[in-house]
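Q: Structure below; questions to follow.
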Amino acid sequence: MRFFFLSILSMILVVFYACHPQEITNAQKPLTKEQQLRNNLDSLKRTAHNGDLIVRLTDDIISQQVSQLSETDKSYSHAGIVTVKNGEKFVCHIGPNLPGADTIEITAIDSFLNPEKNIKCALYRYDMSDAEQGAMIQMIEKYKVADTRFDMVYNLQTDDKLYCSEMIYKALKLATNNRITPKENTMPARFHKMLIAYFKKQGITREIIATRKYIPLDHLYLLPQCKELMKFDLKNFPGQ
């Protein structure tokens with residue numbers, strides 16, 4: 001009787017393993033960090049749609065310094081807005097590139113979040129209607145057609161020159177008729193000395209620096225009308 005029971009049990013196990021070999025194999029082989037990163041990037045691309053906000057931190061010293069200008073969350077240094085063109089998803093953004101290349105760029109998501117150059121990223125979504133999302137993209141496209149350049153002096157009063165958070169701030173305000181308006185801020189006092197040296201060639205005085213308003217990057221997403229969809233590391237460091 002015992003022999004009969006063991007024979008039946010063996011047959012059941014053979015059938016189970018025959019029917020579910022892939023599931024067991026997968027369970028025994030956890031994803032590598034590279035595979036998990038690829039899955040995360042693919043998931044972000046599937047999730048993203050028009051008007052979503054993408055933020056990133058690049059692995060250079062300037063990005064580390066720029067991230068400190070955020071008021072609360074100093075995790076990121078650059079931002080862009082997702083746009084969909086012919087079924088493909090891109091990021092609209094502007095950065096301090098070399099003269100002639102310092103205009104609004106339309107960059108593939110994989111390139112914008114290239115793990116070789118970036119440390120981490122996040123995707124956020126504003127509480128906007130489809131019409132508002134479309135209006136936001138149209139506003140950014142108008143800036144691009146107008147050959148808008150990067151604003152090296154961070155002046156919110158001009159529209160012919162914009163920096164990344166300023167572009168998003170203005171397009172968001174216009175698209176939502178001021179319903180979603182990130183808060184402006186003044187430069188923290190601890191940065192005044194550094195900024196005085198940085199803006200010396202532009203003739204910007206200590207008084208201007210102390211009173212000039214700017215848009216901290218974290219003010220774009222630390223809003224009641226903005227929710228986090230996902231965030232993850234793009235680069236692994238020793239010990240992680």
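Q: Any residue in region 91-114 that's free of Cβ contacts under 8 Å to residues at least 60 places away in the same chain and within 13 Å of Thr148 (Cα to Cα): show its pairings with residues that are polar (S, T, N, Q) and not in a strand (DSSP E or B) at Cβ separation under 8 Å, as long as the two are six or more apart or on different chains.
A: Taking only residues 6 or more apart or on different chains, the pairs are Thr103/Thr148.
Q: Could you tell me whether any residue of region 59-73 is exposed (fewer than 13 other Cβ atoms within 10 Å of the Cβ), closer than 30 Å to Leu172 by Cα, modelled with pLDDT of 55 or more and touching an Asp or Glu at 6+ places or on another chain (Cβ under 6 Å)?
A: Yes; the residues of region 59-73 include at least one that is exposed (fewer than 13 other Cβ atoms within 10 Å of the Cβ), closer than 30 Å to Leu172 by Cα, modelled with pLDDT of 55 or more and touching an Asp or Glu at 6+ places or on another chain (Cβ under 6 Å).
Q: Every residue in region 28-44 that is farther than 19 Å from Ile54 by Cα and small (Gly, Ala, Ser), please.
A: Listed by number, the list is empty, since nothing qualifies.
Q: Right, something else. Scanning for something more than 25 Å from Asp42 (Cβ to Cβ) and either modelled with pLDDT under 95 or of a type in the set (Gly, Ala, Ser) (or both), does region 111-130 turn up at least one residue?
A: yes
Q: Right, here's the next one. Only one residue in Glu105, Glu88, Glu141 is among the charged types (D, E, K, R) and at pLDDT below 95, so which one is that?
A: After ruling out the rest, the residue left standing is Glu88.
Q: Among the listed residues Lys183, Lys170, Lys142, which satisfies the condition of being out of contact with any Ser or Thr (no Cβ under 6 Å at 6 or more places or on another chain), among the charged types (D, E, K, R) and farther than 21 Å from Phe90 by Cβ?
A: Exactly one residue qualifies, and that residue is Lys183.
Q: Considering every residue within region 38-55, establish whether at least one is farther than 30 Å from Met139 by Cα and either at pLDDT 85 or above or surrounded by 11 or more Cβ atoms within 10 Å (Cβ to Cβ) (or both).
A: Among the residues of region 38-55, at least one is farther than 30 Å from Met139 by Cα and either at pLDDT 85 or above or surrounded by 11 or more Cβ atoms within 10 Å (Cβ to Cβ) (or both), which makes the answer yes.
Q: Next up: When the residues of region 168-187 are narrowed to those that are of a type in the set (A, V, I, L, M) and closer than 15 Å to Gly51 by Cα, which ends up surrounded by the fewest Cβ atoms within 10 Å (Cβ to Cβ)?
A: Leu174
The values are calculated or read from the model by the stated rules, or taken from the named source; none is laboratory data. What you are looking at is a predicted structure, and each value in this text was computed from that prediction instead of being measured. So basically every Cβ, Gly included, is an ideal-geometry build from the backbone, and we count neighbours across all protein chains shown.
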